[in-house]
1. Considering every residue within region B:281-290, establish whether at least one is over 23 Å from B:K312 (Cβ atoms), more than 8 Å from chain A (Cβ to nearest Cβ) and at pLDDT below 95.
2. Could you list, in sequence order, the residues of region B:141-183 that are of a type outside the set (A, V, I, L, M), within 19 Å of B:D111 (Cα to Cα) and outside any loop (DSSP other than H, G, I, E, B)?
3. Give the number of residues within region B:56-109 that are on the phi > 0 side of the Ramachandran plot and either small (G, A, S) or within 16 Å of ligand 5 (Cβ to nearest atom) (or both).
4. Please find, among A:G255, A:G319, A:G281, the residue that is surrounded by fewer than 19 Cβ atoms within 10 Å (Cβ to Cβ) and either within 16 Å of ligand 4 (Cβ to nearest atom) or within 19 Å of A:A230 (Cβ to Cβ) (or both).
5. With the requirement that a residue be assigned to a loop (DSSP other than H, G, I, E, B), buried (at least 17 other Cβ atoms within 10 Å of the Cβ) and in contact with a Pro (Cβ under 9 Å, 6 or more places away or on another chain), what does region B:83-120 give you?
6. Restricting to region B:1-50, give me the number of residues that are under 17 Å from B:R235 (Cα atoms) and either modelled with pLDDT of 90 or more or of a type in the set (S, T, Y) (or both).
7. Considering A:C324, A:C293, which residue is in contact with a Lys or Arg (Cβ under 9 Å, 6 or more places away or on another chain) and either within 11 Å of chain B (Cβ to nearest Cβ) or buried (at least 21 other Cβ atoms within 10 Å of the Cβ) (or both)?
8. Going through B:A233, B:A268, B:A281, B:A237 one at a time, which residue ends up being without any contact (Cβ under 8 Å) to a residue 24 or more places away in the chain and either surrounded by 23 or more Cβ atoms within 10 Å (Cβ to Cβ) or farther than 18 Å from A:V271 by Cα (or both)?
Amino acid sequence: MTAPAAPDAKLLEVRDLRTYFVGEDGTSRAVDGVGFALPRGRTLCLVGESGCGKSVTALTIMGLVPQPPGKIASGEIVFDGRDLLKLDREAMNDLRGNRVAMIFQEPMTSLNPAFTIGDQIAEVILRHRKIGPREARERAIEMLRRVRIPAPEQRIDEYPHKLSGGMRQRAMIAMALALDPQLLIADEPTTALDVTIQAQILELLRELRAEFGMSLLLITHDLGVVAEVADEVAVMYAGRIVERADAATLFRRPGHPYTIGLLASIPKLTVEQDELPVVEGAVPNPLALPAGCRFHPRCPFADEECRRTDPALAAIAPGHEVACLKAPLERHVL
Amino acid sequence: MVSLSNHEATSAHPILEVAGLVKHFPVRKGVLQRAVGQVRAVDGVDLTLAPGETLALVGESGCGKSTLGRLVLRLIEPTAGSIRFEGQDIRALGDRELRDLRGRMQIIFQDPYASLNPTMTVGDMIAEPLMLHGVGNAAERRRRVAELLGLVGLMPHHARRFPHEFSGGQRQRIGIARALAVEPRLIVADEPVSALDVSIQAQVINLLRDLQRRFGLSYILISHGLAVVKHVADRVAVMYLGKIVEIGDKRSLFAAPRHPYTQALLSAIPIPDPAVKRRRAILQGDVPSPLNPPPGCRFHTRCAFARERCRKEEPLLETAAAGHRVACHFWREVPAMEPIRAGIDADPQLVRLQGFFRSRRRDERDAALASAGART
Ligand SMILES: Nc1ncnc2c1ncn2[C@@H]1O[C@H](COP(=O)(O)OP(=O)(O)OP(=O)(O)O)[C@@H](O)[C@H]1O
Ligand SMILES: Nc1ncnc2c1ncn2[C@@H]1O[C@H](COP(=O)(O)OP(=O)(O)OP(=O)(O)O)[C@@H](O)[C@H]1O
Ligand code: SF4
Ligand SMILES: [Mg+2]
Ligand SMILES: [Mg+2]
């Protein structure tokens, strides 16, 4: 390890993060008080439905939210002992790609179609390391090999459009890991891929995490993917974390009504069901969030208190936090 | 002739019969737009569908599912093969008859955002197929629109609104209401829930099922979500590079998949249960190009069981069990797949909490369905 090993087991800790977008129709509170911690060498999955603020959370950590219209209204992002929100642009540029790397939701936006994948990987290396182009190319080939791209010596000179979706995603992972980052943020890395290719990429990410000893923040809306890769899980709803737990607990004993409903409503290969349980309604508009608990219009357990009081994340068991006024539910409703 | 399965044999009059269906798309290049090759999108497909039945088409991107669905509705013309709907050869129909037919077959598209006209009110959009088929006068059509909105769990006043005022799930319901307007017999649903939020998918899946039970609709459900398919379908056809490689009753196919590709597909699905332990056969490589599919068995380049014969000779669909056919030379030797079992024991407390999420609007919807049923 080259990094000065902080005694702290947390590589990343996000506290009360708020990222807003100011537009003509009003202020969209895309991320509105998000907090979680990612221990070193572990995988945290951030899971939630479209628009709940997962990508904006990731982009905020990377310092990539356009300002304006974006505005970071509060929070701390403590990475390896330093608050990233306090770093100047140069320090942040140095960190990004180097110690924190990200794979973006749309693969084609992060690969430039005009350059070979080899040039693009080498470029990232040259920007941060004092080595020559020859060495950088060697390293790029090595990276392609490590993401199990066959015949990397030939593939390195290909253009992105010549690669299949799965190969392109491998090339992106190679680029992200080229500088041996401590933290990899992967935003829906397999959503656009077929299931058989998704299985390959998830397997690869698991192996690489062990090989490189990095921490992984994986963003997904797929609870199946969460079950496959997560050590820890944070469930997001309408700009907030509503539940945090280790993966086994989250699936066995979910505590938030949203998590319970979501898990109940997905059809399962392992059980026979006639009618699927349903979470009624839809996710709220971020410009007009409900008062009180943001989930209350869809929640079968909601009462008058839920319409008025906004619940904070609180522990219901060691390492298990839930933002629900009726938690633990079994005591209130059963 | 293919042998009929039990299911097919019992339904004397299938609503749909497809035989030897082929669709090749020419690939053009250069200024002269010369055809330089053929995408063999659908390459010899036979199937039948009984009234009230759901057949699911599954397989990876580009295997020809949407093309097959569009061929069945004659939205595109086949290169070869026959399609019979309610006994009629639809390739032989003239314009007038084709318009009649369109009333009895409808399609629901994947993208609820792109498939609705943004400049029309929801009411006009649902009434459009009624006008096209000359159903009722303006007042009757208005009544029918209100009824259809009720059927899909929306409100009569929604008729005056525009699509952008609705969420994804609501838009998909509008698409379904529109498809139902002219009382079709067959609906092709092309990825009807893939673009929806997870919590909305169940709402739409339940709705499609209720409507089917009520009106005896037949569905061709195109989906890459195998859990959705297991929940909704009666029979499943697995496609690979334009061909059906396995087809069977849902139970038989999920309990004992025979084709190595079906097994790989099933074992690749991430299961929302961290306690599930399974031996995974992760398929290597990518799907080959449909421009130039591999000779012999098209799956041989990725198959763990492939031998010399697979590279030379194309396997035909053979009956492996009642109502279950598979196209693999060596299906008898492919080891049975371990069944996927729940790893988490159903926690009784969790089951009771989940019980609170039974659809609250179920009763209202039942009432709406009952009154609509009484009318027809
Ligand atoms: N640049 C921007 N300007 C204005 N609003 C934005 C911007 N980026 C994101 N938003 C809004 O912030 C909210 C959260 O968006 P975000 O992209 O984080 O969602 P997500 O959870 O990643 O969803 P998905 O699963 O669809 O990717 C949304 O309402 C979105 O419209
Ligand atoms: N109009 C067209 N012209 C040329 N090729 C086409 C056309 N429509 C489809 N294809 C090709 O035919 C093949 C099958 O496409 P199809 O859309 O049926 O696949 P699919 O199984 O529905 O895939 P997906 O899951 O991605 O929707 C693909 O290779 C596709 O590129
Ligand atoms: S606080 Fe109330 S409304 Fe919110 S999730 Fe808990 S019970 Fe439901
Ligand atoms: Mg996103
Ligand atoms: Mg398709």
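1. Yes, there is a match, as at least one residue in region B:281-290 is over 23 Å from B:K312 (Cβ atoms), more than 8 Å from chain A (Cβ to nearest Cβ) and at pLDDT below 95.
2. The answer is B:P163, B:H164, B:E165, B:G168, B:G169, B:Q170, B:R171, B:Q172, B:R173, B:G175, B:R178.
3. 5
4. The unique qualifying residue is A:G319.
5. Within region B:83-120, B:F109, B:Q110, B:P112, B:L116 qualify.
6. Selection size over region B:1-50: 15.
7. Going through A:C324, A:C293 in turn, just one is in contact with a Lys or Arg (Cβ under 9 Å, 6 or more places away or on another chain) and either within 11 Å of chain B (Cβ to nearest Cβ) or buried (at least 21 other Cβ atoms within 10 Å of the Cβ) (or both): A:C293.
8. After applying the criteria, what remains is B:A281.
The values are calculated or read from the model by the stated rules, or taken from the named source; none is laboratory data. Bear in mind the structure is a predicted one, so any value in this text is a computation, not a measurement. Note: ideal-geometry Cβ built from the backbone for every residue, glycine included; neighbour counts use all protein chains shown.
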